[in-house]
């Protein structure tokens, strides 16, 4: 069924929903009525066209309000917030519509097979099993763990939405364009915060903000932009990508996120490693490496320097004659605590939310899901890397090749970012990450279908 077509069954279901909506509005207040109308429109879009709902999701990834619904008091380090966002609700609505359509149209597959389906399942099974054991042992609160596990499922759900419902390369281009457009808006928003003197963060991140989250997101999109810039041939498009890169760079500096600076540095090294046969690219990277430390704003330099000269309060960790700052010290001590405690349950850890926040992806995985979780995570990342690399080497289309290259660069950068942040569970980073991963995974299929003139069934 073509995405633009609506079957009679669709029209019937939508009509029933409209009748229910009309009845409900007669009993509701104006505010509730508007909320219901908005919800109905989302359901309508999701039911009639999942690809269209993907665009709604892209716009909500960084631009959706966040509502705190509680706090998690785990072992080790301070509490962490439990929150819900508009895109959480949007994903629930889309998921429900998706399930209903697969029931109505039996010829629609619930999940398309990919080479990373099983690694995803293995990783999620370990997370669920470790958490169930943690609940039974009294280490984990059931309701809190349920919501955090649901967050894990959420970004994998984005991946499967893309794999199942994106059916043309034109859709791929449109989705990536929308993703870059949102990044431009977010970058401008971050730059506008510079005069305030506060660390920049994305919209709706609360009073204190989440600069590390914004920084990780910006570095990942920067990787996608770099991949496209290196392979696209159109002059005007490359100019626009270069301008976007400039905005992203300014926004990134405004976050004052050292984990993100590290990730950006690793990203530059990854670009150099993949472009060693292009002297112009290498020369530009070398120039940036020399010039950026000289022209960077004073607060950026101070933020980097204070990492190693941090005796502001006393009690900070010292390495030789170098004193680490309080933030770095607390992070390292939390790692030490988790790793020591992990020895009591090395195979499956304490379960998801068994610890309070510890800013290191790999320490967190080891502490919460043990060696089994870490192995499953590595297996997933390695499998995704191999498939993305195969796509990069096989693709001839400049845009598709650039996107695959960007994902590879982004993976390297995010693995570096994970040294000082919980990168691979942060929704605002993982939603665009798994969206791009899904797009890269389906590129070989779209290429083969394009080469084969036989008609192909496109999922609605």
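Read-outs throughout are calculated quantities, based only on the coordinates presented, and are distinct from any laboratory measurement. Since the structure is predicted, the reported quantities are computational estimates derived from the model, not experimental observations. Glycine also receives a Cβ, built like all others from the backbone with ideal geometry; neighbour counts cover every protein chain displayed.
Label the stretch 222-311 by shape, choosing from rounded, prolate and oblate, from the square roots a ≥ b ≥ c of the eigenvalues of the Cα gyration tensor; if a/c is under 1.5 it is rounded, and otherwise prolate applies when a/b is larger than b/c, oblate when it is not. Since a/c reaches 1.5 and a/b is larger than b/c, the shape of the stretch 222-311 is classed as prolate.
Once the Cα-Cα distance is subtracted from the 0.36 nm per residue extended length, the residue 129 to residue 287 segment shows a gain of 51.9 nm. Whole angstrom only: what separates the Cα centroid of the stretch 257-299 from the Cα centroid of the stretch 212-254? Computed from Cα coordinates, the inter-centre distance equals 13 Å. Between residue 181 and residue 301, the modelled labels are 4.0 nm apart [label points 7 Å from Cα along Cα→Cβ]. Taking other C-beta atoms within 10 angstrom as a stand-in for reagent exposure, 122, 217 fall in the order 122, 217, fewest first. Modelled this way, with points 7 Å down the Cα-to-C-beta line, the labels at residue 194 and residue 245 are 1.9 nm from one another. Stretched out straight at 0.36 nm per residue, the stretch from residue 393 to residue 153 would grow longer than its current Cα-Cα span by 83.4 nm. Sorting 115, 49, 187, 64 by the number of Cβ atoms found within 10 Å of their own Cβ, with the fewest placed first, yields 115, 49, 64, 187. The fewest-to-most ranking of 412, 363 by surrounding Cβ atoms within 10 Å reads 412, 363. Relative to the current alpha-carbon distance between residue 113 and residue 276, full extension at 0.36 nm per residue lengthens the span by 55.1 nm.
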